[in-house]
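Engineer: Sharing a structure, written as structure tokens. Questions coming.
Read the figures in this text as sums done on the coordinates, not as results from a lab. Remember, it's a predicted structure, so these values are computed and weren't measured experimentally. So basically every Cβ, Gly included, is an ideal-geometry build from the backbone, and we count neighbours across all protein chains shown.
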Amino acid sequence: MSTTQPNVIQPDCDVVVVGAGFAGIYALWQARQRGFSVRGFERGSDVGGTWYWNAYPGARCDVESYNYAYFFDDDIVRDWDWSDACAEQGEIKRYLRFVAERCDVLRDITFDAQVLAARYDEAAGLWTLSTAAGETVVCRYAILAIGALSDPKAPDIEGVDDFAGPAWFTSSWPRDGSVDLTGKRVGVIGTGSSGVQVIPEVAKVAAEVHVFQRTANYVTPVRSGPMDPAVVARLREDPQAVRQAFRETYGGHMPLDMGDERFVELDEAGRQRALDRAWAGKYIDLAFKDAYLPEANAAISDYIRRKMQEVVDDPWTAEHLVPWDHPYGGKRPCMSNVYLQTYNLPHVHLVDLRETPIERILPEGIRTSTQTIPLDVIVYATGFDAISGPVFAIDISGLDGRSMKDAWADGPKNYLGTMVHGFPNLFLPSSALSPSVLANMATLAEQQVDFIFDTIEWLDGQGRPRLHPLPESEEHWRAETLRYAARRPGALTTKSWYSGANIPGKPRIFMVYCGGFKRYNETCYRELEEGFPGYELMAPPRPG
Ligand code: NAP
């Protein structure tokens, strides 16, 4: 006889994973490995996450591909060859598909399925997730692997809908090759990492390019070209040792040519030599071990400004492309070997919006305070409602029906970057107050998913209590995040998406934990070893 009673909600599976990027794919694999039943939902038509949507020309990773990759499986490390030290978007997307096929998780994923709501039933101890198509699924554990930069910022410019020509967003660029900018007059708004990558590609084919820049960014060289086979062989020798070693570092990776000197300990000639070597070696922020301490950071900032100016022929353009208003690292630095050089082309023009702001978009182009620039196409490289945006895109309600929007009304709060008070058994990898975008996201995806499943296994081993962090743990963690941010030059003084400053009305709180990957990992696992003292363990729901 069945013990199931009518009207009692039953789970469809143990775990639901939303999102099929780096974290989502690995979470699906982990679930299966550990014997949990699992369903995945992905709003795109394929795996890839960020690397599915951001298909604009020039999109590539500026973290070395041999760091920005999975290391959980030796065969995957050994069987995938990166064609470039910093792979382009299509290659990373193919890699993620390759991993998903290898791990046999594609069968678990429902594609073109956007999850719109997640509701917790306290009595049953279960989450119910609903998709835009009306499907619902009930589970014990929900993992929202929805990324930190997956909710595009709506352009806050008057007249956006008036423009007569096509407008494209870097964050949702058509993947079918249908965009043809050949011979067109193109306006590009935004000069962050996406703008810096797309602008040189637009300039290759367009008749005229007008770049609308509000804030200049640091742009330094990036590694490119094939990897040294000896380095690849070394990485493949013992992938698990590499994986462990990444977790012992500050940034969750081990870039090549990392400087091992301290700026403060070098004389003037030594400092210059180290900077020149770093510039040629492509990762200037790694010139010194103390690159993010004020003295070294100031010298690095000055050095980059000088080098940037040297590249650009026109003195006015050179002066205006240089970020004078914030130190290196205050905003996410950009990398490119061709961006600055693009401004030496006669058909590429910089419009500095600090001097001549956009007044409105017209059917025929963009009007600034001094001129109307006629355009055929507008490209928006205007960024994202970062970190909390993707979370708010889902209507999440937890204990007592409290919404996540309410819980995060003053900015994100959580403990250890993954769990929120009042939302038991809900996990948010790659989200707020974790090393996220200031670390290697691939390493973070593996670390957080490992931690989440170690937590779930622990809970199951204890008779399935429900887990959520104590409010005081959240307060402590937020304070820790701000304490480390205060040490980082420019972190709390620069207007950036790190602190929500790019979205009008968004609470200003620095959202990235910069205490380092090693410390983060150790803090997570200390909780697990000590039986989760920073959390409340709610009694398991009564059966039936
Ligand atoms: P972003 O860094 O936020 O840049 C958006 C740009 O648009 C900024 O220059 C911003 O100016 C400008 N903007 C926004 N609204 C505007 C307005 N109303 N008028 C004029 N200008 C406006 O966004 P993103 O370039 O897409 O990059 C986001 C993040 O994605 C990066 O920081 C990085 O973490 C990641 N990413 C990584 C790579 C990679 O190579 N690994 C590549 C692309 C992106 P303000 O600065 O003045 O706000």
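Engineer: Give me Thr443, Thr493, Thr182, Thr220 ranked fewest to most by other Cβ atoms within 10 Å of their Cβ, as a rough exposure proxy.
Structural biologist: By the 10 Å Cβ count, ascending: Thr182, Thr493, Thr220, Thr443.
Engineer: Please rank His210, His476, fewest neighbouring Cβ atoms within 10 Å first, as an exposure proxy.
Structural biologist: Numbers: His210 22, His476 14.
The most exposed by this proxy come first: His476, His210.
Engineer: Next question. Take the alpha-carbon positions of segment 457-515, form their convex hull, and give its projected area averaged over all directions (one quarter of the hull surface) in nm². Present the calculation step by step, with values, prior to reporting the outcome.
Structural biologist: Values: hull surface 22.9 nm².
Its average projected convex-hull area is 5.7 nm².
Engineer: Separate question: Determine the distance separating the Cα centre of segment 290-358 from the Cα centre of segment 205-233; give it in Å without decimals.
Structural biologist: 13 Å
Engineer: Moving on. Using a/c under 1.5 as the rounded threshold, could you call segment 255-331 rounded, prolate or oblate? The axes a ≥ b ≥ c are square roots of the C-alpha gyration tensor eigenvalues, and prolate needs a/b larger than b/c, oblate otherwise.
Structural biologist: On the way: a/c = 2.00, a/b = 1.68, b/c = 1.19.
It comes out prolate by the Cα gyration axes.
Engineer: Could you work out how far helix 268-281 tilts from the main Cα principal axis of the chain, as a 0 to 90 degree angle to the nearest 10?
Structural biologist: 70 degrees
Engineer: Turning to a different aspect of this structure: Of Lys413/Lys518; Lys153/Lys282; Lys282/Lys331; Lys153/Lys495; Lys204/Lys506; Lys331/Lys506, which sit over 25 Å apart, Cα to Cα? Can you show the working numbers first?
Structural biologist: On the way: Lys413/Lys518 21 Å; Lys153/Lys282 30 Å; Lys282/Lys331 19 Å; Lys153/Lys495 16 Å; Lys204/Lys506 37 Å; Lys331/Lys506 17 Å.
Long pairs (Cα-Cα over 25 Å): Lys153/Lys282; Lys204/Lys506.
Engineer: For segment 189-266, which GluC sites (Glu not before Pro) pass both filters: DSSP loop (anything but H, G, I, E, B) and at most 14 other C-beta atoms within 10 Å?
Structural biologist: Details: sites: Glu201, Glu208, Glu237, Glu248, Glu261, Glu265; in loops: Glu248, Glu261.
The qualifying sites are Glu248.
Engineer: Amide H neighbours of Phe169 under 5 Å, at least 5 residues apart or on other chains, H built in the peptide plane: list them.
Structural biologist: So Phe169 has HN proximity to Tyr380.
Engineer: For the chain, what's the relative contact order in percent, using C-alpha pairs closer than 8 Å and at least 6 residues apart?
Structural biologist: On the way: 1117 pairs, mean separation 107.3, N = 544.
Relative contact order here is 20 percent.
Engineer: Short version: ³J(HN,Hα) in whole Hz for each residue of segment 14-22, in order, from phi by Karplus 6.51 cos²θ - 1.76 cosθ + 1.60 (θ = phi - 60°), x for Gly and Pro, what are they?
Structural biologist: 6, 10, 10, 10, 9, x, 10, x, 3
Engineer: Going by C-beta contacts inside 10 Å, put Glu319, Glu530 in order with the fewest on the left. Write down the numbers at each step before the final one.
Structural biologist: On the way: Glu319 14, Glu530 9.
Going from sparsest to densest Cβ surroundings: Glu530, Glu319.
Engineer: P(r) tail for the chain, what percent of Cα pairs lie past 35 Å? Can you show the working numbers first?
Structural biologist: On the way: 54822 of 147696 pairs.
Value for the chain: 37 percent of Cα pairs lie more than 35 Å apart.
Engineer: Tell me, what HN-Hα J-couplings in whole Hz come from the Karplus equation 6.51 cos²θ - 1.76 cosθ + 1.60 at θ = phi - 60° for each residue of segment 301-318, using x for Gly and Pro?
Structural biologist: 4, 4, 4, 5, 4, 5, 5, 4, 4, 4, 6, 9, 6, 6, x, 5, 5, 4
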